[in-house]
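The values are calculated or read from the model by the stated rules, or taken from the named source; none is laboratory data. Note that the structure is predicted; figures quoted are calculated from it, not measured. Every residue, glycine as well, gets a Cβ built from its backbone with ideal geometry; the counts of neighbours run over all protein chains shown. Protein only, heavy atoms only, side chains kept; ligands, DNA and RNA dropped before computing areas. Shrake-Rupley method; radii C 1.70, N 1.55, O 1.52, S 1.80 Å.
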Amino acid sequence: MQKKIGFLFLAIIFSGLIAAKAEFAQGFLKGTAQSFYQNGGHNSWDSLEKKPQSNWTQFENSKIRFHFDGVFAPWPFPKKSPIAHGEKVGIASDGWRRAFDDIHLIKKLGCNAHRFSVEWTDIEPQEGVFNQEALAFYERYCDALIANGIEPMVTLHHFVHPLWFEKRGGFLPVANVHYFVRYAKKVFERLGGKVRLWCTINEPTVVSACGYILGIHAPGKVLKLYNSGIVLKNLLKAHVDVYKALKKMPGGRNAQIGLVHQAMQFEPYRHKILGLTIVDPIGKQVARGFNFSFAHNAVLGFLKTGVFEYRPSRPLRGIRYRNPAAPKSYDFIGLNFYSKVILGPGPTCYKNQVMTDMQYAIRPETLYDAIKQVATLGKPIYITENGIPDAKDDRREAWIKGYVDSVHQAVRDGFDVRGYFYWSLIDNFEWSMGFDQKFGLYQVHERTKNRTLRKGAYAYRDYFTTAHQNFK
Ligand code: BGC
């Protein structure tokens, strides 16, 4: 009898454990994400005499006044490097040399998908000259992923582009968009037969807001509100043009092509005073400014209706752009989402919330809200990025469980979410914040660049079970 009770007890605990895990349907993608620039840095290629230069290698060698940590160096103080501690990307986490070994790291996590960027700078280091060595590298890389049962998801633009393109004005002149389309076609020609999932541009709103308003990303322009809107409009146009061009190519009809949108949103701090909730007035204005700059609604509006509207405030010049092809220019939407940022006089979270190493707290319910918002587009959703900067690795498990649960809940509630890609597979170069931010499921050791699975990442490996062998 005692034995029976013991067995029953064990069975209850065991089924409880199983129930606590998120189970997704067959075909759901459990993935990791990274970009080759952040992971492998500034690469040299045997077939090229010089390392290809990009907007970001130019930016890291510049000097600016306003920094990510909010430090402003007014005249006569000297300007500083835009990257924390004056760091340079260098070989980052040695991602190029170890790319093929790193595939085993993905496999060990039980993942069946991996999102990575193809670097335009490496493919077309000089205008119109395509680097066959780089194209061959990506082809071999996709083959190796597929051979390991890992579905590749390619991003064609992840913040970085060749310096020659930047010198022509980057995405500021609309006349430059065709260069991006030409490059995208070259990549598709080579990889289209192997890769089903294509992301055109990573986070157009981050490119425009951080590059042209906050000045913390290349090209480091500050408060150029109008130009920021123009760049955003041109990036959206570039997305539509690439979609149309690739769909016409052999294999285009089978490809699933989408835009990756960062649904970054801000809200004012709410004070609790004598049982009343009072919205912080400064936080309210700052949140408005940030929500405008990161243009979440403007992008959703464009994708829904084909009309892009961007007007900072009345006296300033606004932008209105219509592209009737936009609502039919994506087979899925890639959702990058971390947290909703609270803005006020003090810390960017409430007492009962747990902060990450960046300026946002662990708030899994906000991912659910973001899914709900992008679901109004009526297209399948992939969570193309979500993860935590956590150097101590004492919050990663809670993040993963909370956020994967949110995705799971959304799926159970009928939202068409088809995959989740944790950012990032390994520690990497976090743009202006240099190497301080530790997003990796695997820690990268500073000197040796060896990789070690973090304890907090076990949650991703074990807790999030899915049918990961079903990619063919
Ligand atoms: C970007 C990544 C970045 C991540 C974490 C996203 O905005 O696409 O490149 O590393 O956020 O901050």
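Taken one residue at a time, the phi angles of the stretch 214-222 give Karplus couplings (6.51, -1.76, 1.60, θ = phi - 60°) of 7, x, 9, 10, 4, x, x, 8, 10 Hz. Gly and Pro are set to x. Ranked by the mean number of other Cβ atoms within 10 Å per residue, highest first, peptides 143-150, 414-421 order as 414-421, 143-150.
The mean accessible area for residues of the stretch 89-193, using a 1.4 Å probe and ignoring ligands and nucleic acids, is 33 Å² per residue. The residues of the stretch 221-270 present an accessible area of 39 Å² per residue when probed at 1.4 Å with all protein chains retained.
For the stretch 230-236, putting each phi into the Karplus relation 6.51 cos²θ - 1.76 cosθ + 1.60 with θ = phi - 60° gives couplings of 5, 4, 4, 4, 5, 5, 5 Hz, in residue order, rounded to whole numbers and with x for Gly and Pro.
For the stretch 112-215, the Cβ-based charge dipole about the Cα centre amounts to some 220 debye (Lys, Arg positive; Asp, Glu negative; other atoms uncharged). Packing here is the average count of other Cβ atoms within 10 Å per residue, and on that basis the peptides 347-358, 376-387, highest first, run 376-387, 347-358. Pairs spanning more than 29 Å between alpha-carbon atoms, out of 244/401; 167/340; 340/438; 80/237; 351/455: 244/401; 167/340; 80/237. Protein heavy-atom surface of the chain, 1.4 angstrom probe: 56% of the accessible area is carbon and sulfur, with nucleic acids and ligands not counted. Shape of the stretch 406-452 from the C-alpha gyration tensor: prolate (a/c of 1.5 or more and a/b above b/c, with a ≥ b ≥ c the square roots of its eigenvalues).
Between rounded, prolate and oblate, where does the stretch 329-428 land on the alpha carbon gyration tensor, with a ≥ b ≥ c its root eigenvalues, rounded for a/c under 1.5, else prolate if a/b exceeds b/c?
Prolate.
Counting only heavy atoms of the protein chains and using a 1.4 Å probe, residue 436 has close to 70 Å² of accessible surface. Amide H contacts of residue 419: 29, 383, each under 5 Å away and 5 or more positions distant or on a separate chain (H built 1.01 Å from N in the peptide plane; Pro and chain starts excluded).
Treat every Asp and Glu Cβ in the chain as -1 and every Lys and Arg Cβ as +1, leave all other atoms uncharged, and give the resulting dipole magnitude about the Cα centre to the nearest 20 debye. Walk me through the numbers before you get to the answer.
On the way: 63 positive and 41 negative charges, 198 e Å.
That gives the chain a dipole magnitude of about 960 debye.
Rank-order 157-170, 240-253, 422-435 by packing density, defined as the average count of other C-beta atoms within 10 Å over each peptide's residues, highest first.
Working: 157-170: 20.6, 240-253: 17.3, 422-435: 24.1.
Highest-to-lowest ranking by the protection proxy: 422-435, 157-170, 240-253.
Taking each DSSP H run with n ≥ 4 as -39500 (n - 2.57) and averaging over every residue of the chain yields -11000 deg cm²/dmol at 222 nm.
Under the rule a/c < 1.5 gives rounded, and otherwise a/b versus b/c splits prolate from oblate, where does the chain land using the Cα gyration tensor? Taking the square roots of the gyration eigenvalues as a ≥ b ≥ c, the chain is rounded.
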